[in-house]
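Here is the structure we will look at, set down as structure tokens.
The values are calculated or read from the model by the stated rules, or taken from the named source; none is laboratory data. Worth saying up front: this structure is predicted, and the values here are computed from it rather than measured. Because the Cβ atoms are built from the backbone with ideal geometry, glycine has one as well, and the counts that use them run over all protein chains shown. SASA here: full protein model, heavy atoms, side chains in, ligands and nucleic acids out. Shrake-Rupley method; radii C 1.70, N 1.55, O 1.52, S 1.80 Å.
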Amino acid sequence: MKILKKTLFYLLAVVVALQFLIPLIWMILSSFKIDEVIYRDARTIFAIIPNFSDLSLKSYTELLGFYNIFGNLLNSLIYASITVVFGLTINSLAGYALARFEFPFKDTILIIIIALMIVPIEATILPLFLVVNEMGLINTVPGYLIPFLVNVMNIFLFRQHFLSFPGELIESAKIDGLGEIGCFFRIVVPSSLNMYVTVGILTFLASWNDFLWPVMALSNADLMPIQVALNAVFSDKYNIFTSHIMAALTIVTIPIVILYIVFQKYIVEGSMRSGIK
């Protein structure tokens, strides 16, 4: 009976996994086909099983000839990496302070953070644009990045994590001569690696997939991230084909897939410990 339940569980897991994998496989294979072959194979098994005689790099060479996709991809990688590094530092320090220290208006600040988590970005994007514009930072990298280095959701997640962090480890480190900063970076951070990786992945994805703010903050084509560049690709009525769309989507998706494969262990463990659903 136990073996039967285990077998059924794995069969169900395979079915669920295929529901997510089949569209991804179809997209990647279609990016190596011309439009005629994509439409011909759409209702056949060759939509998800490669027929190597039909595969080519034509869609990629044409796409990269029309657009600066790799340049925009590099922009997104740089922007997302900067946001992750500085965002994790700032938000974790804020969450640690809210979890471990007592200071005036601490509860008020926490209430404000929780309230801001409810407010959608669309409600604050216009005032944010006006502030950044008054500072003369529109169409600059600092103006694009700085407003989103502080993330109230990440501050709250770090606070919840640090509330359950063993205080004995910190006290032992202080007895050995470490100060608060030393305790944080030498004891707390290494012991919270799963949490940092989980929040880092979420931050990376939010930056990578962001579209509304880049459209408002950046007008220079050389500074635009990949999501804005994709919009230009999909809006082109003359040079764009289905194979081009599949190639562009594959180029954007593959880095995220690689990121998840590399860090999947930390993502699962961090999600379980922090209660992220």
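May I ask you to list the residues in region 211-227 that are closer than 18 Å to residue 151 by Cα and open to solvent by 40 Å² or more (accessible area, probe 1.4 Å)? Those that are closer than 18 Å to residue 151 by Cα and open to solvent by 40 Å² or more (accessible area, probe 1.4 Å): 211, 212.
Residue by residue, here is whether (1) open to solvent by less than 30 Å² (accessible area, probe 1.4 Å); (2) within 19 Å of the chain's Cα centre (by Cα); (3) at pLDDT 90 or above holds:
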| position | (1), (2), (3) |
| --- | --- |
| 142 | no, no, yes |
| 146 | no, yes, yes |
| 154 | yes, yes, yes |
| 169 | no, no, no |
| 176 | no, no, no |
| 179 | no, no, no |
| 187 | no, no, no |
| 193 | no, yes, no |
| 237 | no, no, no |
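Of all residue pairs spaced 6 or more apart or on separate chains, those with beta-carbon atoms under 9 Å, a first member in region 172-190 that is under 16 Å from residue 96 (Cα atoms) and a second member that is among the polar types (S, T, N, Q) and surrounded by 15 or more Cβ atoms within 10 Å (Cβ to Cβ) are 184/92; 188/92; 189/92.
Within region 1-29, residues that are under 19 Å from residue 250 (Cβ atoms) reach partners that are assigned to a helix (DSSP H, G or I) and at pLDDT below 85 with beta carbons closer than 6 Å, at six or more positions or on different chains, in the pairs 26/47. Beta carbons closer than 7 Å, at least 6 apart along the sequence or on distinct chains, pair a first residue in region 240-256 that is more than 19 Å from residue 207 (Cβ to Cβ) with a second that is acidic (Asp, Glu) and open to solvent by 40 Å² or more (accessible area, probe 1.4 Å) for 244/62. Scoring residue 26 on the criteria (1) over 22 Å from residue 257 (Cα atoms); (2) open to solvent by 70 Å² or more (accessible area, probe 1.4 Å); (3) at pLDDT 85 or above leaves a single failure, condition (1). If the condition is being part of a helix (DSSP H, G or I), of a type in the set (S, T, N, Q) and free of Cβ contacts under 8 Å to residues at least 24 places away in the same chain, then region 49-77 contributes 53, 61.
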